[in-house]
Amino acid sequence: MGTHIVQLERATKAFALPEGGTITALHGIDLDVERNEFLTLLGPSGCGKTTLLHAISGFVQLDAGKVRIDGDDVSDRPPHRRPVNTVFQNYALFPHMNVGNNVGYALDIAGTERKERNQRVGAALELVGLAGLENRLPRQLSGGQQQRVALARAIIARPKLLLLDEPLSALDRNLRQAMQIELKTLQAELGISFIFVTHDQEEALTMSDRLAVLNKGVIQQIDTSRTVYDRPTNAFVASFIGASNLFEGTAARSGGNTLIATADGLRIEAACSGGWKPGDGAAATALIRPEQFSLVGPGAKGPTIGIDIEQVVFTGLNFQIHGHTPSGRRIVAIIAAVRQADVASAEADGKARLGYDPAAVHLLPDDGTAAAEMAA
Amino acid sequence: MSTSTLRGRRRSQLGILLGPASAFLAIFFLCPLLIMLVYSFLEPGLYGGAEWAFYPDNYGRILGFANPEFEDYDPVYISIFLRSLKIALITVAATLLVCYPAAFQISRLPDRWKNFALFLITLPFFASLIVRLFIWVLILKKTGFANMVLAGLHIVSHPLELIYTEGAIIVGMVYVFIPFMFLPVYASVEKLDWSLVRASQDLGANGFQTFWRVIFPLTLPGVVGGSIIVFIPALGNFIVPAVLGGAKVMMLGNLIEQQFLGARNWPFGAALAMLVMAAVLAILFFYIRFEARRGDDAPVLR
């Protein structure tokens with residue numbers, strides 16, 4: 001049986017396009033989901049994340065491969081015979097039923113005895129903070145409340161696994177952030193696995209125990225949020241999660257460190273503690289996160305990059321400095337708000353010198369084609 | 001600008017927009033209707049026309065309290081009414097049976113084919129109703145196409161009595177009213193949100209449960225709307241029974257026409273028409289009550 005609640009083995013799915021030809025949505029995906037885990041599937045639209053979710057819920061039949069839920073092969077079972085429930089993107093609440101009947105739907109289908117059914121509906125609504133709203137119609141509720149009804153409806157049958165298909169995308173920013181925390185708390189309370197699909201990287205980083213980044217039907221990286229952010233395995237992941245400054249070039253050893261020489265004459269120094277180490281002359285990409293940069297004076301120690309400032313944006317928490325190197329390469333740096341005076345003087349000069357710690361530079365084996373594809 | 005003049009302007013705009021339609025309906029619908037209502041309580045003249053005297057026995061002849069001095073209560077009128085009701089209800093049921101599944105099929109076609117299918121549904125409107133009905137005469141008559149095929153296949157030895165029967169009327173009615181049923185049914189099937197169907201399956205409902213609990217209730221407004229739009233004209237229809245029912249099978253429409261044009265008994269014809277209208281209004285009343293209970297997302301007749 002194993003400890004995994006969901007196992008995908010070589011899951012493959014291709015769709016026929018209306019204009020002819022096919023598009024491969026899942027490219028032989030292997031995925032194990034732990035019990036009681038909050039796993040997020042993250043990727044750009046069309047990366048296959050929703051198809052992957054539908055393969056688990058049963059709305060997509062795989063061309064090849066297997067889906068196991070709690071050890072049972074459910075590959076050939078229709079959606080209504082799988083022990084999973086889904087929170088849909090636009091909630092999909094039944095407009096002709098009141099909240100109580102929406103939430104109690106799964107129990108009514110299962111023929112649960114009336115008294116127990118009503119009691120469980122009440123409990124589920126209480127869990128999502130909507131106690132006593134049984135008799136309202138969905139259209140009489142706010143977006144956030146509809147979201148909670150959808151959640152209560154999906155958990156009432158005590159599924160082994162809850163699937164959430166971009167459930168927060170229709171909410172405004174503040175409500176979305178509040179719901180993110182609530183969902184995380186709810187998941188811990190229920191003790192079941194959540195698989196959460198989103199294209200919002202911030203949401204993914206906030207909520208997940210583990211994060212799977214998908215592109216073109218392939219899982220690019222699956223790991224904890226922290227690792228995916230700090231140690232992306234390729235340039236696609238690096239540029240999809242968080243803002244990134246990527247420097248493609250050729251590696252050369254220099255003392256204990258590695259130097260990446262770019263085509264436009266920059267030399268990026270990396271300490272390469274752990275992670276991948278390129279050999280001499282190998283193609284490599286250096287990643288420096290914007291927040292790794294600091295504003296430094298002319299006599300500073302350590303490696304620096306000089307830029308011409310194009311724009312300084314104050315976001316409240318920090319300053320975003322957008323600029324370019326003399327050769328025209330775009331650079332983004334994030335400087336803490338407390339360094340206001342330095343930022344102001346740099347802005348007045350129109351130039352800034354950005355320092356970074358070689359230990360914070362992450363090297364990617366990718367030659368940058370993934371990043372180029374992203375831009376295209 | 002002050003709010004009162006703004007309101008005044010709105011009112012005058014409303015008047016301009018609704019005025020022509022209201023005036024038209026008042027002159028050409030309400031007035032004749034009132035005249036008919038008055039007529040239905042007048043005494044029929046000996047040689048046609050009407051005498052100015054209150055005379056409720058027009059209704060009595062139909063409903064059973066006739067004045068035996070002049071007329072007898074004749075149950076034939078009630079039986080014609082019941083037959084018309086039966087034919088109209090069968091027409092509604094049959095058109096629904098044809099249109100409901102078809103609406104699902106067509107709503108799932110690619111756009112190009114969808115528009116073509118809708119065009120085909122409305123195609124009969126381009127040809128005269130009388131012409132289309134006489135084609136059915138050619139098909140159903142004793143030496144017609146249907147009997148030819150049946151005889152040719154040796155299914156029957158003698159030609160069947162197909163035309164001038166209730167069955168012929170029903171076939172004609174279904175044929176005439178299919179587009180009227182299809183369009184409202186299709187409108188509600190088309191806007192059905194299929195993510196609700198997926199939600200239902202996800203929550204454990206099989207196909208039948210999903211249909212009964214989600215698909216049918218959500219498409220019910222179209223079904224009810226289409227049924228009413230078919231039922232009302234079917235009840236009073238007189239062209240179809242005139243052509244396909246001949247003199248053998250009479251419906252309310254033919255009866256009323258006969259009273260006005262043949263028997264020249266306008267008051268009695270008016271009384272019959274008023275009773276049909278009363279029945280239709282009663283049905284509409286229940287429909288509106290039903291719609292009000294459904295709440296504000298329910299469509300009006302469409």
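The values are calculated or read from the model by the stated rules, or taken from the named source; none is laboratory data. Since the structure is predicted, the reported quantities are computational estimates derived from the model, not experimental observations. Positions of Cβ are backbone-derived with ideal geometry, glycine not excepted, and every protein chain shown enters the neighbour counts.
Of the residues contained in region A:111-120, one or more are found to be of a type in the set (Val, Ile, Thr), within 14 Å of chain B (Cβ to nearest Cβ), closer than 23 Å to B:Val214 by Cβ and surrounded by 14 or more Cβ atoms within 10 Å (Cβ to Cβ). Could you tell me which residue of region A:226-248 is farthest from A:Tyr356 (Cα to Cα), considering only residues that are part of a loop (DSSP other than H, G, I, E, B) and of a type in the set (Ser, Thr, Tyr)? Per the criteria, the residue is A:Thr233.
Only residues that are small (Gly, Ala, Ser), out of contact with any Phe, Trp or Tyr (no Cβ under 8 Å at 6 or more places or on another chain), outside any loop (DSSP other than H, G, I, E, B) and over 23 Å from A:Pro358 (Cβ atoms) were counted in region A:296-342, giving 1.
The set of residues in region B:199-209 being surrounded by fewer than 21 Cβ atoms within 10 Å (Cβ to Cβ) and either more than 8 Å from chain A (Cβ to nearest Cβ) or more than 32 Å from the chain's Cα centre (by Cα) (or both) consists of B:Asn206, B:Gly207, B:Phe208. Within region A:48-69, none of the residues are farther than 29 Å from A:Thr24 by Cα, surrounded by 19 or more Cβ atoms within 10 Å (Cβ to Cβ) and of a type in the set (S, T, N, Q).
Being closer than 22 Å to A:Ala11 by Cα, more than 13 Å from every other protein chain (Cβ to nearest Cβ) and among the aliphatic types (A, V, I, L, M), is that true of even one residue in region A:95-102? So far as region A:95-102 goes, no, none of its residues is closer than 22 Å to A:Ala11 by Cα, more than 13 Å from every other protein chain (Cβ to nearest Cβ) and among the aliphatic types (A, V, I, L, M).
Taking the criterion of being free of Cβ contacts under 8 Å to residues at least 12 places away in the same chain, part of a helix (DSSP H, G or I) and not polar (S, T, N, Q), the residues of region B:165-196 that qualify are B:Gly167, B:Trp194.
Any residue in region B:99-109 that is closer than 30 Å to B:Val249 by Cα and modelled with pLDDT of 90 or more? Checking region B:99-109: at least one residue is closer than 30 Å to B:Val249 by Cα and modelled with pLDDT of 90 or more.
Taking the criterion of being over 16 Å from the mean Cα position of the chain (by Cα) and buried (at least 18 other Cβ atoms within 10 Å of the Cβ), would at least one residue in region A:195-202 satisfy it? The answer is no; no qualifying residue exists. Of all the residues in region B:34-57, those that are modelled with pLDDT under 85 and part of a helix (DSSP H, G or I) number 1.
Among the residues in region A:30-44, are any within 30 Å of B:Trp113 (Cα to Cα) and not charged (D, E, K, R)? No, region A:30-44 contains no residue that is within 30 Å of B:Trp113 (Cα to Cα) and not charged (D, E, K, R). When region B:157-193 is filtered for residues that are under 30 Å from A:His96 (Cα atoms) and among the charged types (D, E, K, R), the ones remaining, listed by number, are B:Glu190, B:Lys191, B:Asp193.
The number of residues in region B:5-50 being closer than 11 Å to B:Pro267 by Cβ and of a type in the set (D, E, K, R) comes to 1. Take the conditions (1) in contact with a Leu (Cβ under 8 Å, 6 or more places away or on another chain); (2) without any contact (Cβ under 8 Å) to a residue 24 or more places away in the chain; A:Ala263 misses just one of them, which is (1).
Scanning region A:6-50 for residues that are among the hydroxyl-bearing types (Ser, Thr, Tyr) and under 20 Å from the mean Cα position of the chain (by Cα), we see that the one that is nearest to the other protein chains (Cβ to nearest Cβ) is A:Thr50.
Every residue, every condition in (1) within 14 Å of chain A (Cβ to nearest Cβ); (2) surrounded by 22 or more Cβ atoms within 10 Å (Cβ to Cβ); (3) touching an Asp or Glu at 6+ places or on another chain (Cβ under 8 Å); (4) more than 30 Å from A:Arg82 (Cα to Cα), yes or no:
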position	(1), (2), (3), (4)
B:Phe238	no, no, yes, yes
B:Leu244	no, yes, no, yes
B:Phe260	no, no, no, yes
B:Phe268	no, yes, no, yes
B:Ala271	no, yes, no, yes
B:Ala278	no, no, no, yes
B:Leu284	no, no, no, yes
B:Arg293	yes, no, no, yes
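Filtered by the rule that a residue be free of Cβ contacts under 8 Å to residues at least 60 places away in the same chain and either part of a strand (DSSP E or B) or hydroxyl-bearing (Ser, Thr, Tyr) (or both), region A:249-260 gives A:Gly249, A:Thr250, A:Ala252, A:Arg253, A:Ser254, A:Leu259.
For region B:181-198, a residue qualifies if it is surrounded by fewer than 18 Cβ atoms within 10 Å (Cβ to Cβ) and more than 13 Å from every other protein chain (Cβ to nearest Cβ), and exactly one does: B:Glu190.
Looking at the structure I just gave you, is A:Arg148 surrounded by fewer than 19 Cβ atoms within 10 Å (Cβ to Cβ), free of Cβ contacts under 8 Å to residues at least 24 places away in the same chain and either out of contact with any helix residue (DSSP H, G or I) (no Cβ under 6 Å at 6 or more places or on another chain) or not aromatic (Phe, Trp, Tyr) (or both)? Taking the combined requirement at face value, the residue does not satisfy it.
Reported count of residues in region A:66-94, each being in a loop (DSSP other than H, G, I, E, B) and either at the interface with chain B (Cβ under 10 Å from one of its Cβ atoms) or without any contact (Cβ under 8 Å) to a residue 24 or more places away in the chain (or both), is 14. For region B:210-235: of the residues being away from chain A (no Cβ under 14 Å) and of a type in the set (Val, Ile, Thr), which is surrounded by the most Cβ atoms within 10 Å (Cβ to Cβ)? The qualifying residue surrounded by the most Cβ atoms within 10 Å (Cβ to Cβ) is B:Val230.
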